[in-house]
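Peer 1: Attaching a single structure in structure tokens format; questions to follow.
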Amino acid sequence: MSSPPRTTTAKSAKRAGPLTKGYQLKANVYDELLGPDRTMRAHWRKLMESLDRMDPGEFGHRWQRAETMLQENGINFNVFADTEQRVRPWSLDPVPFVISQQEWRALEDGLLQRVRLLNHVLKDIYGRQSLLLDGSIPSTLVVGNPHFLRACHGIAVPQGVYLNFMAIDLARAPDGRWWVLSDRTQAPAGAGFALENRIVVSGTLPEIYRESQVLRLAPFFQALHRHLISVAGRDDPHIVLLTPGPSRDTYFEHSYLARYLGFSLVEGADLTVRDDKVYLKTLGGLQQVDVILRHLADDDCDPLELRADSWLGVTGLVQAVRAGNVVMANALGSSIVQCEAFLALMPALSRQILGEELKLPNVATWWCGEETARDYAFEHFDELFLRPTFHRRTQRKVDFEPAVGMDLAAERKAQIRERMAAQGYDYTVQELIQASTVPTFHEGVLQPGPLVLRVFVAASGDDFVVMPGGLARIMHSPDTRAAAMKRGGESKDTWVLSPAPVAQVTLIGTSSGPVQLRRTGRDLPSRTADNLYWLGRYAERTEGTLRTLRALIKRLSADLANTATMPVVRRLLAIMVEYGQVSSPAVEEAVAGKLDSLEKSLAKILYDPRCPNGLHDVLRNFQSTAGLVRDRLSVDAWVTLNRLHQDRALQQPGSTTLEVGAALNALNGQILTLSAFAGMEMENMTRTYGWQFLDMGRRMERAQHMVEVLKTMLLSGAADQPGVLELLLELADSFMTYRSRYLAAPQLAPVLDLLLADETNPRSVGFQVAAIERHIENLPRDPDRAGLTKKQRMIRELRTRLQVCDIEHLATPDKNGKLAALTELFKRLEDELPALSERIAYVYFTHAEVARPAHVFRAGSSSP
């Protein structure tokens, strides 16, 4: 099993002397930087000389800033399916991969020829099938292929373009020629990461980037954008990017591209088909969708006609495509030519269809469904890379992972050879290529690492266009086969040089014509509204946790023998018991003066990432919920959230000691960062439905939290205990407000009024309820419905109850010395606030009884 990829650190980025000093060439391998005589290749010279002139300390400092940018932007990807860690930080090498203009033009010609050929093959497979009839394509590779979608046969595609966007993986052999390793025609990943690499590297080395005259990437995305608009068939089309959701490795890229291209990011559940048309379900009603840029597997797209057990697709989508009411990019079924066995057919198909030899050859490939190929595979078994022909999720499955013949045990070899003899069509073998090496920065020096380059092609007008660059992947392992098997490694920016200065280009096109004014915000999918609502709740829950921990740790540094201190500590611990963070026995030990176990528990809550309901757990929930709506958050907001999650002061796993000063500093920093996020939310977000649900979630959480805190602090005789009212004002951040109104020590009635009923205090329950009522009034409702809706009645009853409550009566004990009226009010609020939250979820999110946790502060409550 491979280790996680290394991220270059500022320390490792420090260097001394020329970068190429000590750079070791590998025998029988083409090196991108140096020729066999160690002469630097001409197109690398300007970059390397510029890096050599840069002060080593400055280089390290710049790369430290670049790494901070990568971390704060939350760029992550399970690049090569590491089973130990599902999501890993994106790893980027500081030295870009450089390609000369002359070499790129030759590559570009070969790539364009290849895409035209593949598009023609797809058109034939899903049309006349003449290539099957004349035997040019063996029927087994089509009708026996699980990626051949029979339901899509005969469906016309706009402009005859099946491949609107695809990727091709390349490697350079020892003879200096580029070879195609694989075609990615379904939903290729990596373009968004290539774009982010460019932004980071060009921002880190801006002078070198400008002087090197590097071709820009924006024109490629402009071309893709224009093409998708053109295939829609109408002005101002609605284009969405369909993602399988945040559980997938490339969700960051889906969110990033949707924001960059200006498309709505949607999941299958956000869409519906009515009368053979696809609609986006929004709070403002159904909106027709014209084009779907999909990052979803073919057979997952429609559970009705394709894969019945898919929860990711849209029922009836194939029929909508068949009716010509929506365009899929790429066309459904395009993944069939992604099968590696097609590589063996490409040379002959190029000659037959285009009348040309392949300008960019494949890595030598043999499909063992043909006798001669199977004989060759048997003869050269140890020298070849073996893989299943079909990547099946259903039907018969070949029970082996891609492997090199020589790496298999003798018994395993015998099993595979036996099965290959009986079912050769299930096996494809390929020649191993010693990939070229490219300079990578490792441990302060340049070292050669094997290179695999993924390039991207998009439809444009009546032809295709190639991204001038790509996603370069490199390995630090000496075993170059790792690159082919996609294990470990990191990425590089790819610079294609221009002989002339390059103009600045942005994705936003210029137009001299008038622009239609619009104020959007009603096109909010229910799923997104749900996630924004819970983002607000988790933001507030995080703040409540931080303030409680801070108050408790502050008092641990005080004299616990003081009669005014211990009652407060007991109340704080009671709140944490409700959170599920400490146990009741630990509270009793603390009250008895045994503080060692309490301090260990607090250290675990603060520092242990695996502590249930601990601070890391709360922050993870906050961060993961934010990730669900990443395309709705500004870059600054996301950076702020990442700083909250990555605070180094809290990165002390295994710590069992609590240093009070350091802990308080960490908590104060967290509260300030969280306040910055709240400020961005209030000042930078337009007042659309999205903001309303985010704020409504925050208000609901704060109201329930305040009720919980008031109940825990004031009932069971605690209201008369020293320091309790002061603590309440501290937790609610309302101490200064109280002092400005009452020049006296805190008393129960005015504290209750301030924290329970005062609608001018942003921390009071009354303020939260009033804000929720305003939001509900502004949200869409059935215009034909007479009278108040159920949720309107619920919120008005809640608000009225708080407005008419008699604070003096609530603060007066009954004949038994109990605050009976206050107890009854808390009970009603504890029932009615969660019920209102459930009703909001029912109406706007799930349209069914809510499955989200209502009592979010109870120990063991679930998370979304």
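Peer 1: Can you tell me which of (1) out of contact with any Ser or Thr (no Cβ under 6 Å at 6 or more places or on another chain); (2) closer than 18 Å to residue 622 by Cα; (3) open to solvent by less than 10 Å² (accessible area, probe 1.4 Å) is the one residue 732 doesn't meet?
Peer 2: Of (1) out of contact with any Ser or Thr (no Cβ under 6 Å at 6 or more places or on another chain); (2) closer than 18 Å to residue 622 by Cα; (3) open to solvent by less than 10 Å² (accessible area, probe 1.4 Å), only one is false for residue 732: (2).
Peer 1: Please specify each residue of segment 23-78 satisfying the condition of being over 14 Å from residue 96 (Cβ atoms), at pLDDT 80 or above and among the hydroxyl-bearing types (Ser, Thr, Tyr).
Peer 2: 30, 39
Peer 1: Oh, and also: Go through segment 303-317 residue by residue and tally those that are part of a loop (DSSP other than H, G, I, E, B) and either buried (at least 24 other Cβ atoms within 10 Å of the Cβ) or hydrophobic (A, V, I, L, M, F, W, C) (or both).
Peer 2: Of all residues in segment 303-317, those part of a loop (DSSP other than H, G, I, E, B) come to 303-316.
Next cut, either buried (at least 24 other Cβ atoms within 10 Å of the Cβ) or hydrophobic (A, V, I, L, M, F, W, C) (or both) only: 304, 306, 308, 311-314.
Qualifying residue count for the region: 7.
Peer 1: For residue 620, only one of the following conditions fails: (1) crowded, with 18+ Cβ neighbours inside 10 Å; (2) not in a loop (DSSP other than H, G, I, E, B). What is its number?
Peer 2: Only one criterion is unmet by residue 620, namely (1).
Peer 1: What residue, among those in segment 704-718 that are open to solvent by 10 Å² or more (accessible area, probe 1.4 Å) and in contact (Cβ under 8 Å) with a residue 40 or more places away in the chain, is farthest from residue 568 (Cα to Cα)?
Peer 2: Residues of segment 704-718 open to solvent by 10 Å² or more (accessible area, probe 1.4 Å): 704-706, 708, 711-712, 715-717.
Within this subset, residues satisfying the condition of being in contact (Cβ under 8 Å) with a residue 40 or more places away in the chain are 704-706, 708, 711-712, 715, 717.
Values: 704: 21, 705: 18, 706: 17, 708: 16, 711: 14, 712: 11, 715: 13, 717: 13 Å.
Out of the qualifying residues, it is 704.
Peer 1: Of everything in segment 709-734, what is within 17 Å of residue 549 (Cβ to Cβ) and of a type in the set (Ser, Thr, Tyr)? Give them in sequence order. So that I can check it myself, show each step before the final result.
Peer 2: Filtering segment 709-734 down to residues within 17 Å of residue 549 (Cβ to Cβ) leaves 709, 712-713, 727-728, 730-733.
Across segment 709-734, the qualifying residue is only 712.
Peer 1: Sticking with this one: Could you check, for segment 604-617, whether at least one of its residues is open to solvent by less than 40 Å² (accessible area, probe 1.4 Å) and in contact (Cβ under 8 Å) with a residue 60 or more places away in the chain?
Peer 2: Checked segment 604-617: at least one residue is open to solvent by less than 40 Å² (accessible area, probe 1.4 Å) and in contact (Cβ under 8 Å) with a residue 60 or more places away in the chain.
Peer 1: Here is a further query. Considering every residue within segment 272-279, establish whether at least one is open to solvent by 50 Å² or more (accessible area, probe 1.4 Å), in a strand (DSSP E or B) and assigned by TED's automatic domain parsing to the domain that holds residue 159.
Peer 2: Within segment 272-279, the subset open to solvent by 50 Å² or more (accessible area, probe 1.4 Å) is 274-277.
Going one step further and asking which of them are in a strand (DSSP E or B), we end up with 274, 277.
Filter once more, so that each one left must be assigned by TED's automatic domain parsing to the domain that holds residue 159: 274, 277.
Yes, the conditions are met somewhere in segment 272-279.
Peer 1: Just the residues that are open to solvent by 100 Å² or more (accessible area, probe 1.4 Å) and in a helix (DSSP H, G or I), please, taken from segment 805-823. Spell out the reasoning first.
Peer 2: Taking segment 805-823 as the starting set, the residues that turn out to be open to solvent by 100 Å² or more (accessible area, probe 1.4 Å) are 808-809, 815-816, 818.
Answer for segment 805-823, where residues must be open to solvent by 100 Å² or more (accessible area, probe 1.4 Å) and in a helix (DSSP H, G or I): 808, 809.
Peer 1: Which residues, taken from segment 88-103, are touching a Pro at 6+ places or on another chain (Cβ under 7 Å) and in a helix (DSSP H, G or I)? Steps first, please.
Peer 2: Initially, segment 88-103 is screened for residues touching a Pro at 6+ places or on another chain (Cβ under 7 Å), giving 88, 91, 95, 101.
Of everything in segment 88-103, just one residue is touching a Pro at 6+ places or on another chain (Cβ under 7 Å) and in a helix (DSSP H, G or I), namely 101.
Peer 1: Contact list please: Cβ distance under 7 Å, first residue in segment 719-740 and within 18 Å of residue 810 (Cβ to Cβ), second residue open to solvent by less than 20 Å² (accessible area, probe 1.4 Å) and of a type in the set (Phe, Trp, Tyr), pairs at least six apart or on different chains.
Peer 2: These pairs meet every condition: 729/738.
Peer 1: On the given criteria, is residue 843 open to solvent by 20 Å² or more (accessible area, probe 1.4 Å), modelled with pLDDT under 90 and assigned to a loop (DSSP other than H, G, I, E, B)?
Peer 2: Answer is no for this residue.
Peer 1: Report yes if residue 797 is in the same structural domain as residue 834 (by TED's automatic domain parsing), open to solvent by 90 Å² or more (accessible area, probe 1.4 Å) and touching a residue at least 40 places away in the same chain (Cβ under 8 Å), otherwise no. Give the derivation first.
Peer 2: Working: in the same structural domain as residue 834 (by TED's automatic domain parsing): yes; open to solvent by 90 Å² or more (accessible area, probe 1.4 Å): yes; touching a residue at least 40 places away in the same chain (Cβ under 8 Å): no.
Answer is no for this residue.
Peer 1: Where residues in segment 130-158 are in contact (Cβ under 8 Å) with a residue 12 or more places away in the chain and open to solvent by 40 Å² or more (accessible area, probe 1.4 Å), which of them is farthest from residue 324 (Cα to Cα)? Give the derivation first.
Peer 2: So the first thing to find is which residues in segment 130-158 are in contact (Cβ under 8 Å) with a residue 12 or more places away in the chain, and the list is 131, 136-138, 140-142, 144-149, 151-158.
Next cut, open to solvent by 40 Å² or more (accessible area, probe 1.4 Å) only: 140, 147, 153-154, 156, 158.
Numbers: 140: 30, 147: 22, 153: 14, 154: 12, 156: 8, 158: 9 Å.
Ranking the candidates gives 140 first.
Peer 1: Just to check your reading of the model, which residue among 695, 733, 753, 720 is more than 22 Å from residue 539 (Cα to Cα) and at pLDDT 90 or above?
Peer 2: On the way: 695 fails: more than 22 Å from residue 539 (Cα to Cα); 733 fails: more than 22 Å from residue 539 (Cα to Cα); 720 fails: at pLDDT 90 or above.
Matching residue, one of 695, 733, 753, 720: 753.
Peer 1: Evaluate the following for residue 633: is it of a type outside the set (Val, Ile, Thr), in contact (Cβ under 8 Å) with a residue 12 or more places away in the chain and surrounded by 15 or more Cβ atoms within 10 Å (Cβ to Cβ)? Step through it out loud before you land on a result.
Peer 2: Numbers: of a type outside the set (Val, Ile, Thr): yes; in contact (Cβ under 8 Å) with a residue 12 or more places away in the chain: no; surrounded by 15 or more Cβ atoms within 10 Å (Cβ to Cβ): yes.
Considered against the rule, which asks whether it is of a type outside the set (Val, Ile, Thr), in contact (Cβ under 8 Å) with a residue 12 or more places away in the chain and surrounded by 15 or more Cβ atoms within 10 Å (Cβ to Cβ), residue 633 comes out as no.
Peer 1: Please report, ordered by residue number, the strands (runs of 3 or more DSSP E) entirely within segment 338-440 with at least 3 residues that are touching an Asp or Glu at 6+ places or on another chain (Cβ under 7 Å). Steps first, answer last, please.
Peer 2: Working: elements: 365-367, 384-388, 427-431.
Once the strands (runs of 3 or more DSSP E) in segment 338-440 are filtered for at least 3 residues that are touching an Asp or Glu at 6+ places or on another chain (Cβ under 7 Å), what remains is 384-388.
Conditions (1) at pLDDT 95 or above; (2) within 32 Å of the chain's Cα centre (by Cα); (3) open to solvent by 40 Å² or more (accessible area, probe 1.4 Å), marked per residue:
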| position | (1), (2), (3) |
| --- | --- |
| 319 | yes, yes, yes |
| 325 | yes, yes, yes |
| 332 | yes, yes, no |
| 339 | no, yes, no |
| 347 | yes, no, yes |
| 350 | yes, no, no |
| 372 | no, no, yes |
| 389 | no, yes, no |
| 392 | no, yes, no |
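Peer 1: Determine if segment 577-585 includes at least one residue that is modelled with pLDDT of 85 or more and either farther than 17 Å from residue 545 by Cβ or not in a helix (DSSP H, G or I) (or both).
Peer 2: No, that holds for no residue.
Peer 1: Then there's this: Could you figure out which of (1) within 43 Å of the chain's Cα centre (by Cα); (2) part of a helix (DSSP H, G or I) isn't true of residue 739?
Peer 2: (1) is the only condition that residue 739 fails.
The values are calculated or read from the model by the stated rules, or taken from the named source; none is laboratory data. This one's a predicted model, so the numbers in the text were calculated from it and none came from an experiment. Ideal geometry is used to build each Cβ from the backbone, glycine not excepted, and the neighbour counts take in all protein chains shown. What goes into the accessible areas is simple: the full protein's heavy atoms, side chains included, and nothing from ligands, DNA or RNA. Shrake-Rupley method; radii C 1.70, N 1.55, O 1.52, S 1.80 Å.
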